[in-house]
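Below is one structure; the comments refer to it alone.
The values are calculated or read from the model by the stated rules, or taken from the named source; none is laboratory data. Being a predicted model, the structure only gives us computed values, none of them experimental. Note that we place each Cβ from the backbone using ideal geometry, even for glycine, and neighbour counts take in every protein chain shown. Note: areas computed on protein heavy atoms with side chains; ligands, DNA, RNA excluded. Shrake-Rupley method; radii C 1.70, N 1.55, O 1.52, S 1.80 Å.
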Amino acid sequence: MARMARMARTAETAETAATAARAEEEEATVAVTVRPSAEGRLGALVGAFGYVEGRFAHGVELALPTGGAQLLVNLDGDVLSSSPLRGADLRTGGAALQGPHSVPALIDPAQQRAVAWVAFRPAGAYPFLAAPVSAVRDALVGLDDLWGADGAVLRERLLEAMAAGGPAACVRELERALLRRAERHPGPDPAVRRAAVLLDRGTPVAEVADRLGWTSRRLARRCTEQLGLTPKRYARVRRFQRLLGRVNAGRTAPDWAVLAADCGYHDQAHLIHEFRALAGITPTAYAPRSPLARNHVPLGG
């Protein structure tokens, strides 16, 4: 908590917020969002991609874990950074892949002023990497390190497209870059994608393995490789996301005891313990930027 207070005062570190892009459309001056067709090459890999601009009065945010991966390109400045509440600060150039996060981090809204973004589906980042997705878990890795020359020039190409044709042209160039990379590698294992769906619904890990006809060890190995998290960890994060969805869907103060029972926690004490572990704050301290931007909690003005 001391680390959180220090960072809230200084607001020195950041990452962008692609997972909240739909929410940012409400606050942004410009937003373009594309959701690939399920039948297309990108449909199984990418939930959405686009470009968004935003201006925020607060100086630092707490970004909550979703278990998903994102590709981020800061077109306002050639830097992306993040400060997990536990661990070393992360900093890259302006184009990076944010691996699946299972811990909260402090970010700077100033790095969300002009962002091209990609939100991958569960296991969708796997074909875009030369290593298991677990290699980028809780990490922010420069695209030049992951994609070599292609990654090193992506930001420049998006800036050129923006200058020539505005946000729509920038998003088209981003789509072309994704298609070029996706064509080089096979997609994720459909069984892993099925496992992610079941875990997201709250199906017990052992039952997921049984439904797939896998041993628990095989399930753990394949999920770690392609989702980036173990089945147990992924299930914890997704249960937390189900809880946040319920909290932000309501118009009255949350009844935490009812939510604990409905979302799969043993009791309210268990919910509070998990909330602190995954958010770094208590449930009653949770006040997101907006109901749709539920994973972004302003901490400082």
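Within segment 43-55, take every residue that is assigned to a loop (DSSP other than H, G, I, E, B) and at pLDDT below 95 and give me the one that is surrounded by the most Cβ atoms within 10 Å (Cβ to Cβ).
So the first thing to find is which residues in segment 43-55 are assigned to a loop (DSSP other than H, G, I, E, B), and the list is 43-45, 54-55.
Checking the rest, the ones that are also at pLDDT below 95 come to 43-44, 54-55.
Values: 43: 14, 44: 18, 54: 24, 55: 11.
Checking each candidate, the answer is 54.
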Quiz item: Is segment 56-74 home to any residue that is of a type in the set (Val, Ile, Thr) and modelled with pLDDT under 80?
Solution: no
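Would you tally the residues in segment 208-230 being part of a helix (DSSP H, G or I) and open to solvent by 70 Å² or more (accessible area, probe 1.4 Å)?
Result for segment 208-230: 6.
Here are some residues: 177, 182. Which one is at pLDDT below 95, open to solvent by less than 60 Å² (accessible area, probe 1.4 Å) and not aromatic (Phe, Trp, Tyr)?
Values: 177 fails: at pLDDT below 95.
On inspection, the qualifying residue turns out to be 182.
Does segment 196-206 contain any residue that is under 21 Å from the mean Cα position of the chain (by Cα), in a helix (DSSP H, G or I) and of a type in the set (Asp, Glu)?
yes
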Quiz item: Taking interchain pairs and intrachain pairs at least six residues apart, which have beta carbon atoms under 9 angstrom, with the first residue in segment 56-77 and over 20 Å from residue 139 (Cβ atoms) and the second open to solvent by less than 10 Å² (accessible area, probe 1.4 Å) and of a type in the set (Gly, Ala, Ser)?
Solution: 60/14; 75/94; 75/116; 76/94; 77/94
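Within segment 265-290, take every residue that is of a type in the set (Gly, Ala, Ser) and within 29 Å of residue 55 (Cα to Cα) and give me the one that is farthest from the chain's Cα centre (by Cα). Please lay out each step first, then the result.
Start the filter on segment 265-290 by keeping residues that are of a type in the set (Gly, Ala, Ser), which leaves 269, 277, 279-280, 285, 287, 290.
Okay, now just the ones that are also within 29 Å of residue 55 (Cα to Cα), so 279-280, 285, 287, 290.
Numbers: 279: 14, 280: 17, 285: 22, 287: 19, 290: 17 Å.
Ranking the candidates gives 285 first.
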Quiz prompt | Criterion violated by residue 225 - all others in (1) under 22 Å from residue 206 (Cβ atoms); (2) among the acidic types (Asp, Glu); (3) free of Cβ contacts under 8 Å to residues at least 40 places away in the same chain satisfied | solution = (3)
